[in-house]
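The values are calculated or read from the model by the stated rules, or taken from the named source; none is laboratory data. Here the structure is a predicted model, which is why all the values come from computation and not from measurement. Cβ: placed from backbone, ideal geometry, glycine included. Neighbour counts: every protein chain shown.
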Amino acid sequence: MATTTLDNSYTTYKVVVEDDLGSAALQNITNGSATVYSIFVDNTANTNDVSVLKMYDNLVDGGIDVDATEVDYQFSINAASRRLISFPTGLTITNGLSLRCVQSGALANTGDPSSNVIVTVVYG
Amino acid sequence: MSDILKTVSNPLGTLIFKETTANATLIANVFSKTAPKLISVKLDNSANSTETVYLKLYENTSATAANASVGTTVPTFILRCPSSSIVEMYIPQGLTFTSSNYAHMAVTTTAGIAGTTAPTGTVAVTLIGS
C-alpha cells in the first residue's frame, strides 16, 4: 500500500493516488472538509472480482472501521474494469473523507480484493 | 408518485428516470430492463432543509424487487446528499448492474444498509442510464 499525494503547492486542487486501496483504509485523506471532483477506480487487476468502493464522511475515534461504520457512499466496480466517477458541481465533504475497497457491500465484509485496486481522488 | 421513464436519442444514456417525490418505499425496476448501465445521477435535496438523505440502488433478479427490502438488503450504490443541497455525478463508462439483475431505488435518511425512514421533505431523483 503506497499513497502518493499532490498537495496544492502548484495547483488549486489536490490529488491522492493509492495503489492498493484493497489492503487497508485511507483515513481522512482530505484532513477535514473538502470538495471532491472526481474518483478514478482501476479494478483491472481483479479479473474475476467486483470491488466495492466504500467512502465515509465521518470522523470516528480511531478512524473508520470498515465492518462497523455505515458508509455514506458506495460504488461497485465490475471485475477487470476501470471507472471514472465525476462530480461536475463537486461533492461536499463535511468532516473528512475516508475510503476502502472490499469484496462486497455487506457491512461485515472486510475481504480484501484479490489484487490491487488503484484509486485516485481529485479534490480541493 | 410521478415517475418518468423516457427513451431519448442521446447516445450517452438512452433512458431517463425521474422521481420527484422519492422516499423509502422501494421503486422496482427503474430502468425497465435487466443489466442497466447507470451513467448519471442527480439527487436533489434542495427542498428539504432539515435532513441529509441517501439514495440507495439495489439489484436482484426480480423485476418486482421481490425479496429486496430497504433497511436489510445490501445496496449496490449509495449516494449522500446534505440538506438544502443537490449532488450530481457522471460516470462516462457507466456502472453496470449484473447481467440478469434489475435496478431498484429508495431514498432514506440513514447511511449504509440500515434505516427505513423516509425524508420528511421533498427529494427528487433523476437517473440517466442505458
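Quick check on my filter: what residues within region A:83-109 are facing chain B (nearest Cβ under 8 Å) and not β-branched (Val, Ile, Thr)? If you could, list the steps in order and put the result at the bottom.
Going residue by residue through region A:83-109, those that are facing chain B (nearest Cβ under 8 Å) are A:83-89, A:91-92, A:94, A:104-107.
Scanning region A:83-109 gives A:Arg83, A:Leu84, A:Ser86, A:Phe87, A:Pro88, A:Leu91, A:Ser104, A:Gly105, A:Ala106, A:Leu107.
Residues of region B:108-120 include none that is within 14 Å of chain A (Cβ to nearest Cβ), touching a residue at least 60 places away in the same chain (Cβ under 8 Å), more than 11 Å from the chain's Cα centre (by Cα) and farther than 18 Å from B:Thr50 by Cα. For region B:53-65, taking the residues that are surrounded by fewer than 19 Cβ atoms within 10 Å (Cβ to Cβ) and under 24 Å from A:Asn109 (Cβ atoms), the one that is nearest to the other protein chains (Cβ to nearest Cβ) is identified as B:Thr61.
In the list A:Asn43, A:Asn95, A:Asn116, A:Asn109, which residue meets the criterion of being touching an Asp or Glu at 6+ places or on another chain (Cβ under 9 Å) and closer than 20 Å to B:Val53 by Cα? So that I can check it myself, show each step before the final result.
On the way: A:Asn43 fails: closer than 20 Å to B:Val53 by Cα; A:Asn116 fails: closer than 20 Å to B:Val53 by Cα; A:Asn109 fails: closer than 20 Å to B:Val53 by Cα.
Exactly one of A:Asn43, A:Asn95, A:Asn116, A:Asn109 is touching an Asp or Glu at 6+ places or on another chain (Cβ under 9 Å) and closer than 20 Å to B:Val53 by Cα, namely A:Asn95.
Within region A:77-85, is there a residue that is more than 22 Å from B:Tyr90 (Cα to Cα) and assigned to a loop (DSSP other than H, G, I, E, B)? Within region A:77-85, not a single residue is more than 22 Å from B:Tyr90 (Cα to Cα) and assigned to a loop (DSSP other than H, G, I, E, B). Applying the set (1) of a type outside the set (A, V, I, L, M); (2) farther than 18 Å from B:Leu55 by Cβ; (3) surrounded by fewer than 17 Cβ atoms within 10 Å (Cβ to Cβ) to A:Pro88 leaves exactly one unmet item: (2). When B:Thr76, B:Thr7, B:Thr25 are checked against the criterion of being under 15 Å from the mean Cα position of the chain (by Cα), more than 29 Å from A:Val36 (Cα to Cα) and either among the hydroxyl-bearing types (Ser, Thr, Tyr) or crowded, with 23+ Cβ neighbours inside 10 Å (or both), B:Thr25 stands alone in meeting it. The set of residues in region A:1-51 being small (Gly, Ala, Ser), surrounded by 14 or more Cβ atoms within 10 Å (Cβ to Cβ) and more than 22 Å from A:Asp65 (Cβ to Cβ) consists of A:Ser38, A:Ala45. Here B:Ile128 passes the criteria (1) over 23 Å from A:Ile77 (Cβ atoms); (2) within 14 Å of chain A (Cβ to nearest Cβ) except the one numbered (1).
Would you check if B:Ala47 is modelled with pLDDT of 95 or more, surrounded by fewer than 18 Cβ atoms within 10 Å (Cβ to Cβ) and away from chain A (no Cβ under 11 Å)?
Numbers: modelled with pLDDT of 95 or more: yes; surrounded by fewer than 18 Cβ atoms within 10 Å (Cβ to Cβ): yes; away from chain A (no Cβ under 11 Å): yes.
Against the criterion (modelled with pLDDT of 95 or more, surrounded by fewer than 18 Cβ atoms within 10 Å (Cβ to Cβ) and away from chain A (no Cβ under 11 Å)), B:Ala47 qualifies.
Take A:Ala68 and decide whether it is part of a loop (DSSP other than H, G, I, E, B) and surrounded by 17 or more Cβ atoms within 10 Å (Cβ to Cβ). Please lay out each step first, then the result.
Numbers: part of a loop (DSSP other than H, G, I, E, B): yes; surrounded by 17 or more Cβ atoms within 10 Å (Cβ to Cβ): no.
No: the conditions fail for A:Ala68.
With respect to (1) in contact (Cβ under 8 Å) with a residue 24 or more places away in the chain; (2) assigned to a loop (DSSP other than H, G, I, E, B); (3) charged (D, E, K, R), the lone exception for A:Asp61 is condition (1).
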